[in-house]
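Since the structure comes first, as structure tokens, the remarks are kept for the end.
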């Protein structure tokens, strides 16, 4: 499964299910983490590559939400997605504050590994909150894997926010990001749509016959929508080294990703439901 | 002096958020069907709605006043009004739209007005509507929650020198994390301070205190490293 | 002039929350949707639109924030507000429809073992009502956010502009309007209309859960039969809630500013007095509301009496 600066390639499986996800949860987490971390420390890349990293980070978050919510949280699935992005905001702010200080080179080949401090900080906060939530003496939720789940969500949230900052602002310097992404309120749409990309897949496919590959398709589709919205904002401001082409190419990439996965998901779900009829009467099963 | 004040503001905001969540009468999905007492929505959504209203009022007031007590109280009163009107209208819907008498399901006698609850309850239901004790508990919870959100916003605005939008977003992020962890503590639904689940409050206060302290330290690091100016 | 803009915001708020509640009835969302989800599991195959996006608060935050961002981007490019705000609302509603489709199809596909089919006419026939009701709500919220972030420039005193940016204001009001619609309007849908054939005047017992009314006055019930009923009571009450909240908030702030001497010429020294008067006014209104609730509960207890029956 390779993703590059262009159309997304797919591998045809014999049953025609399209994208299956051979990596199971831990492997998917590791792959996504590595890809996202490598992309985030190079803020000079074109927006399409950063968008690919964003898709992976949100996929990781959605998978983590799915794993944690399977055991019943009591308050519902959306709450843990909102928690992830709440941590993500704080982590991203810490990340861009450090990013200014540990920065090598400028322009296209700028490397800013300092932003990873924010990611690690939120991993620690997520781990502590998971430990406190699960331990018998404190809150005592008794969900297996909650500590690891909250730690992964803290990291995924911070990475997603950082990647979106670098898409819209073009660099991860504190002042530039505040001016271009936070003060004009774009951070609100990043917060809300990333939160949706993390919890909507599992919430929308909740039920006894839920299947992981089908659920994760929704996450990629929402990430495509997010890229379209960010592309519109980017094309309007257009001050990075790549110019307006950056924003327009992001819109096209996002639209393509969205269209492909949306059609695939709806067709798969209609095929895998009990039946899909044009219209009909209802029955009662005693 | 200044980093201490910032961390104290964030800590107070987080702890008050969890206290507010425990005081709000949340019935969840069963309350929308008239099966449980409380407001018919989820804990986090209601607390966030009240806190957002308070944050809006606090940010308007912070534009022309810089007294920490006045700004925070304005935020608290903003939330309190929102909860008051919402719960009163919900009661109007219960009484006239569905013909239900608001009673509590967890206590037999209302602790504040002394009205008896048992004979008005529908059998096999855990109470319905928003009785007086839940109403007052909800107003208190919204007041404290709004106060907490506003004091966090004020701290971020004036002691960390964030800009208004950035302070609002950061305050929302930290507030919502605390509210969610407190919601895990009560398991999703609670009737107010008369509910036996209210006794679990200290554990949530401890957890939210720890998380807010960590977030406060991180915010101070951001303010210092970002060079946002260090003078009060 | 300032009070005129404030009254306009109140009217917009009233319309916004009324349509928000009606939209959450047209596409069954949030708490009463748990019954629509439960129905096939107890054997009641139905023709309801199962829109399980999340609670209404984050969902409305999403549509309104997207609308706010697109409007903001268009405004910063010099477009007229009369053009920018509706275009933003249209984009927000397009996203809404996309999420509704994935939610309905996904949830129904996950209920394969309960033999609940996907009815294509239910799916396609409800997308347009959802989009139109939601468009009204999103349009009004974005207009409120625009007026509030430009209140000073519109009425001549530019210090009165709200310090938050437009998308952030849209986010705040989106969450609030979703929380209010979920707390008040859903009661009419969940308790009354979903269990229409159960006795009126009692809470709906746990044994009724899942056995929703699936047959309408004529034919099989869909969301289109539900929304006209809830538009007679639930919708207007929800709109009145948000309208009253905005009215009280803005009114006490402005009265505080006028009596404290902050208006008509902006005097910075009077800021604290203005805030104090605002707080006192808010506390007084709150106490009046508590008294109102005591009166309502007492009336209900006296007139309805204890529970009769079993």
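Of everything in region C:68-91 that is more than 10 Å from every other protein chain (Cβ to nearest Cβ) and under 21 Å from the mean Cα position of the chain (by Cα), the residue that is nearest to residue C:117 (Cα to Cα) is C:90.
Annotation: residue B:89 fulfils all but one of (1) closer than 20 Å to residue C:290 by Cα; (2) more than 7 Å from chain C (Cβ to nearest Cβ); the unmet one is (2). One residue alone among C:148, C:116 is surrounded by 19 or more Cβ atoms within 10 Å (Cβ to Cβ), in the same structural domain as residue C:42 (by TED's automatic domain parsing), in contact with a helix residue (DSSP H, G or I) (Cβ under 9 Å, 6 or more places away or on another chain) and not in a helix (DSSP H, G or I), and that residue is C:116.
Within region A:75-108, the set of residues being at negative phi, more than 10 Å from chain B (Cβ to nearest Cβ) and at pLDDT below 75 comprises A:102, A:103, A:104, A:106, A:108. Only one entry in A:168, A:119 is modelled with pLDDT under 90, under 17 Å from the mean Cα position of the chain (by Cα) and farther than 23 Å from residue A:29 by Cβ, namely A:168. In summary, helices (runs of 4 or more DSSP H) completely within region C:163-268 and bearing 1 or more residues that are touching a strand residue (DSSP E or B) at 6+ places or on another chain (Cβ under 9 Å) occur at C:166-183, C:223-230. Once region C:189-219 is narrowed to residues that are within 26 Å of the chain's Cα centre (by Cα) and at positive phi, the residue that is nearest to the other protein chains (Cβ to nearest Cβ) is C:201.
Checked against the criterion of being at the interface with another protein chain (Cβ under 7 Å from one of its Cβ atoms), touching a residue at least 12 places away in the same chain (Cβ under 8 Å) and either within 30 Å of residue C:196 (Cβ to Cβ) or not in a loop (DSSP other than H, G, I, E, B) (or both), the candidates B:99, B:49 yield just one match: B:49.
Could you list all residues from region B:196-227 that are out of contact with any helix residue (DSSP H, G or I) (no Cβ under 8 Å at 6 or more places or on another chain) and surrounded by 24 or more Cβ atoms within 10 Å (Cβ to Cβ)? Residues satisfying the conditions do not exist here.
Residues of region C:37-49 that are facing another protein chain (nearest Cβ under 9 Å) and either under 26 Å from the mean Cα position of the chain (by Cα) or not in a helix (DSSP H, G or I) (or both): C:37, C:43, C:44, C:45, C:46, C:47.
Do we have any residue at all in region C:113-130 that's over 23 Å from residue B:60 (Cα atoms), more than 9 Å from chain A (Cβ to nearest Cβ), at pLDDT 90 or above and within 14 Å of the chain's Cα centre (by Cα)? Looking for residues that are over 23 Å from residue B:60 (Cα atoms), more than 9 Å from chain A (Cβ to nearest Cβ), at pLDDT 90 or above and within 14 Å of the chain's Cα centre (by Cα), one finds at least one in region C:113-130, hence yes.
Restrict the check to region B:120-132 and report whether at least one residue is modelled with pLDDT of 90 or more, assigned to a loop (DSSP other than H, G, I, E, B) and in contact with a strand residue (DSSP E or B) (Cβ under 6 Å, 6 or more places away or on another chain). Checking region B:120-132: at least one residue is modelled with pLDDT of 90 or more, assigned to a loop (DSSP other than H, G, I, E, B) and in contact with a strand residue (DSSP E or B) (Cβ under 6 Å, 6 or more places away or on another chain). Looking only at residues in region C:147-168 that are free of Cβ contacts under 8 Å to residues at least 60 places away in the same chain and more than 22 Å from residue C:66 (Cα to Cα), the one that is farthest from the other protein chains (Cβ to nearest Cβ) is C:153.
Restricting region A:227-272 to residues that are within 20 Å of residue C:104 (Cα to Cα) and crowded, with 21+ Cβ neighbours inside 10 Å leaves a set whose member that is farthest from the other protein chains (Cβ to nearest Cβ) is A:261.
Reported count of residues in region A:151-171, each being more than 12 Å from every other protein chain (Cβ to nearest Cβ), crowded, with 24+ Cβ neighbours inside 10 Å and over 20 Å from residue A:229 (Cβ atoms), is 2. Filtering region C:10-36 to residues that are surrounded by fewer than 21 Cβ atoms within 10 Å (Cβ to Cβ) and within 12 Å of chain B (Cβ to nearest Cβ) leaves only C:34. Within region B:28-46, restricting attention to residues that are facing chain C (nearest Cβ under 9 Å), touching a residue at least 60 places away in the same chain (Cβ under 8 Å) and outside any helix (DSSP H, G or I), the residue that is nearest to residue B:132 (Cα to Cα) is B:39.
The values are calculated or read from the model by the stated rules, or taken from the named source; none is laboratory data. Owing to the predicted nature of the structure, the values given are computational and were not obtained by experimental measurement. Cβ atoms come from the backbone with ideal geometry, glycine included; neighbour counts cover every protein chain shown.
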